[in-house]
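Trainee: Below is a structure I'd like to ask you about.
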Amino acid sequence: MDGSLRAVGACAVAFLLVLGVVAVLPPGVPPGVVGGAVLLLGAVGARRLARRSR
């Protein structure tokens, strides 16, 4: 149960981080750049989470 709560918390933090990054970007940024930023942040977060659980 503790692990699932921790995962939900990590997802919430990642969502808020992505939301903040998208809010800071200027309005003329193409959607592909925003999608790439989301994928990059997700990959970095998953890598950090995988390292922590070992």
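Trainee: Per DSSP H run of at least 4 residues, take -39500 (n - 2.57); add these up for the chain, divide by its residues and hand me the 222 nm value, nearest 500 deg cm²/dmol.
Mentor: On the way: 2 runs with 45 residues, N = 54.
Mean residue ellipticity, 222 nm, calculated: -29000 deg cm²/dmol.
Trainee: Ignoring ligands, DNA and RNA, what percent of the accessible area of the chain is carbon or sulfur (1.4 Å)? Can you show the working numbers first?
Mentor: Working: 3360 of 4560 Å².
Roughly 74 percent of what the probe reaches on the chain is carbon or sulfur.
Trainee: Figure the gain on full extension for residue 37 and residue 5 (residue separation times 0.36 nm, minus the Cα-Cα span) and round it to one decimal in nm. Display every interim value, and only then the final one.
Mentor: Working: separation 32, 0.36 × 32 = 11.52 nm, distance 2.57 nm.
That pair, residue 37 and residue 5, stretches by 9.0 nm at full extension.
Trainee: Could you give me the ³J(HN,Hα) list for segment 15-21, computed from phi with Karplus coefficients 6.51, -1.76, 1.60 and θ = phi - 60°, whole Hz, x at Gly and Pro?
Mentor: Result, rounded to whole Hz: 4, 5, 5, 5, 4, x, 5.
Trainee: Pick out which of 32, 42, 20 has the largest mean-square fluctuation in a Gaussian network model of the chain, springs linking Cα atoms closer than 10 Å.
Mentor: Checking each option, the largest mean-square fluctuation is seen for 32.
Trainee: What does the C-alpha gyration tensor say about the overall shape of the chain? Classify as rounded when a/c is under 1.5, otherwise prolate if a/b is larger than b/c, or oblate.
Mentor: Numbers: a/c = 3.88, a/b = 2.13, b/c = 1.82.
Prolate.
Trainee: Given a 1.4 angstrom probe, what's the average accessible area per residue across the chain, in square angstrom? Each step should come with its number before you reach the end.
Mentor: Working: 4560 Å² over 54 residues.
Counting only protein heavy atoms, the per-residue value for the chain is 85 Å².
Trainee: Here's something else I'd like to know. Calculate how steeply helix 31-52 sits against the longest principal axis of the alpha-carbon atoms of the chain, using the helix alpha-carbon long axis, and give the answer as 0 to 90 degrees to the nearest 10.
Mentor: 20 degrees
The values are calculated or read from the model by the stated rules, or taken from the named source; none is laboratory data. Bear in mind that the values here come from a model prediction, so they are computed numbers and not experimental data. The area values use the complete protein model at the heavy-atom level, side chains included, leaving out ligands, DNA and RNA. Shrake-Rupley method; radii C 1.70, N 1.55, O 1.52, S 1.80 Å.
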